[in-house]
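What follows is calculated from the coordinates using simple rules that are stated; it is not laboratory data. Being a predicted model, the structure only gives us computed values, none of them experimental.
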Amino acid sequence: MNTMITSGIYDKHLEQNGSFSDIDPTELAYEIEKNWRRYEWERGDLIDEDKDEREEYRIMTCEVEGFTFEGTGTYSCGELILIDGVEPK
């Protein structure tokens, strides 16, 4: 009986510390893509570039709620203008 009480208290402790997560990474990826400017992104490797349009496409990553997300960053004239295709990694 003590085991059940201790276990229940420990479970409550873990829950309060955020150890149990009901966050859906796919839904969070949608939210991040929609509001990508609110997040801190790390610029990664070059995927492709269009020299005529002075655009380049790079892998972009960010970490939110303990999950890592990756998307495609579009740069125009060296400035980040869009991140799309965000998905959990």
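Along the stretch 72-86, what does the Karplus equation 6.51 cos²θ - 1.76 cosθ + 1.60 (θ = phi - 60°) give for ³J(HN,Hα), rounded to whole Hz, x for Gly and Pro?
Along the stretch 72-86, the couplings run 9, x, 9, 10, 10, 6, x, 10, 5, 10, 6, 10, 9, x, 6 Hz.
At 0.36 nm per residue, minus the direct Cα-Cα distance, what do R43 and I81 gain on full extension? Give it in nm, one decimal, please.
12.4 nm
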